[in-house]
1. On the protein heavy atoms, probe 1.4 angstrom, tell me the percent of accessible surface of the stretch 116-180 carried by carbon and sulfur.
2. Would you pull out the residues with amide H under 5 Å of Gly174's amide H, same chain only if 5 or more places away, H placed 1.01 Å from N?
3. Provide the per-residue ³J(HN,Hα) series for the stretch 314-324, in order, calculated from phi with Karplus coefficients 6.51, -1.76, 1.60 and θ = phi - 60°, each as a whole number of Hz, with x at glycine and proline positions.
4. Would you calculate the convex hull of the Cα atoms in the stretch 259-334 and tell me its volume per residue in Å³?
5. Would you compute, from DSSP H runs of 4+ residues alone, the mean residue ellipticity of the chain at 222 nm, taking -39500 (n - 2.57) per run and dividing by the full residue count, rounded to the nearest 500?
6. Kirkwood hydrodynamic radius for the stretch 315-464: how many Å is it when counted over pairs of different Cα atoms?
7. Please report the base-10 log of the normalised intensity I(q)/I(0) for the stretch 179-326, using a Debye sum with one equal scatterer per alpha carbon and no solvent, at each q in 0.15, 0.18 (1/Å).
8. What length, rounded to one decimal in nm, is gained on full extension from Glu243 through to Val524, with 0.36 nm per residue of separation minus their alpha-carbon distance?
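The values are calculated or read from the model by the stated rules, or taken from the named source; none is laboratory data. Only a predicted model underlies this, so the values are computations on that prediction, with no experimental measurement involved. Note: ideal-geometry Cβ built from the backbone for every residue, glycine included; neighbour counts use all protein chains shown. What goes into the accessible areas is simple: the full protein's heavy atoms, side chains included, and nothing from ligands, DNA or RNA. Shrake-Rupley method; radii C 1.70, N 1.55, O 1.52, S 1.80 Å.
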Amino acid sequence: MAARRISSLLSRSLSSSLPLSLGKGSSWGRCSSRYSTAAEIENPIAPDVKIKHTQLLINGQFVDAASGKTFPTYDPRTGDVIAHVAEGDAEDINRAVAAARKAFDEGPWPKMTAYERARIILKFADLVEKHSEELAALETWDNGKPFQQSAKSELPLFVRKFHYYAGWADKIHGMTVPADGPYHVQTLHEPIGVAGQIIPWNFPLIMFAWKVGPALACGNTIVLKTAEQTPLTALFVGKLFHEAGLPPGVLNIVSGFGPTAGAALASHMDVDKIAFTGSTETGKAVLELAAKSNLKPATLELGGKSPFIVCEDADVDKAVELAHFALFFNQGQCCCAGSRTFVHESVYDEFVEKATKRAKRRTVGDPFKSGIEQGPQIDREQFEKILRYIKSGTESNAKLECGGERFGSRGLFVQPTVFSNVQDDMLIAQDEIFGPVQTILKFKDLDDVIRRANKTRYGLAAGVFTQNLDTANTLSRALRAGTVWVNCFDVFDAAIPFGGYKMSGIGREKGVYSLNNYLQVKAVVTALKNPAWL
């Protein structure tokens, strides 16, 4: 059964994003280190935030799990427990779906004017801005990403996305369609109903916005499952939504594990739609559960192994910096990371030398410390998986230019790692590592790099670095990927659609395209008697 094969219906790793759980205790063992970029984390900075919400949010109330169980969420800097959070399971999913169904069938949300819904979403965004420092600290504490990234990039982007979707709420409409006969034909765009949503741990708040924003704008109700590694910020903003005036039952949040809560949500007969972000392997299981239950439609944003192509005319210094960002951003825990760096043979040696120097300058340490570029990996299993891939790279005769080991002796830090002499058939060039490991491959010409860049089961994103407009146009059309960034990377404006080709997913998130995920189209055909015109 697919339910038993799900290791975690929410997480990013091995295949793309993996389900992971931490062991207990504050130490994960020791590993010798011959490479360092910052002081070890012996006295981590205490976050200036209090844990306010650890229960499930069902029908507008924070409640304990039906079983009474809780699970720990950990600080990846140290392994210390941050809080114990309610562990939802199938019974809690049933309660949440029942609340969402009642709110959709009988409650005021779908019956409100779109303008009224937009006002609530905008008020919520204002409340998030008011609490942005607190939320940024909580996101960094639970996830390990640099605080400056949380505070200066992700929180403003979170707010912007809800402003964007609030703006769409009163602009969703159907059409009048001509027919071959005396009929009046109109299409209605209706909310799909109860939406199940499963979000990952690498960008907890951003993924919340990508899924909750369009679903609410369209008038749906929601049951959202958080990642077990990072449940805290979703519960916090769920409370803010209700302070903004969201009716009870419209947004329900269940923290828990994939085989229990996640599988129950994906297979629930009263859920009308499922949206999932995570690994390709788990995405297949979600799709199977959706099909075998009530054939609910699924939106899947899955794994990637994105090429970043540096052409022969590139400014090498700028290309090195952008390629570094494309791979190492968010500790390398990004589904669209530029994890296959293809460099033209004429500039390859220069690029490798400079990319190695840049990786050695990367600052690793406490993500709450100013100037730190890289924090810890999310949890021990992800940390160990990255080290296994590094070992695989060295055993495959890729050249280890720098890094390759654990950083420090406490926490889940990995040295920024660069491999050169990487070949297409190596695991580090094929699998989604989801960590700070840059693989640099050499190519001869455009035909060569197009063929090799497309020879992958993934198709989420790609990067192109060139000064030649014809080259940019050729590559952007030839690459089989949902997003192609030209002379930039990781541009995630609210209006830009995001999704993958091939095994990187189904459907698009963000932008106007995301609204289609949460709408049904109904045709209404009315016979006309003696019409004056057709």
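1. Values: 1620 of 2970 Å².
C and S atoms contribute 55 percent here.
2. The list, which skips near neighbours in sequence, is His189.
3. 5, 6, 4, 4, 5, 5, 4, 5, 5, 5, 4
4. Values: hull volume 8.3 nm³, N = 76.
In the stretch 259-334, the Cα convex hull volume per residue is 110 Å³.
5. On the way: 15 runs with 172 residues, N = 534.
Dividing the helical sum by the residues of the chain leaves -10000 deg cm²/dmol.
6. Details: mean 1/r = 0.0646 Å⁻¹.
It works out to 15.5 Å.
7. Once normalised to I(0) and log-transformed, intensities are -0.80, -1.01.
8. On the way: separation 281, 0.36 × 281 = 101.16 nm, distance 3.80 nm.
Net length gain for the segment: 97.4 nm.
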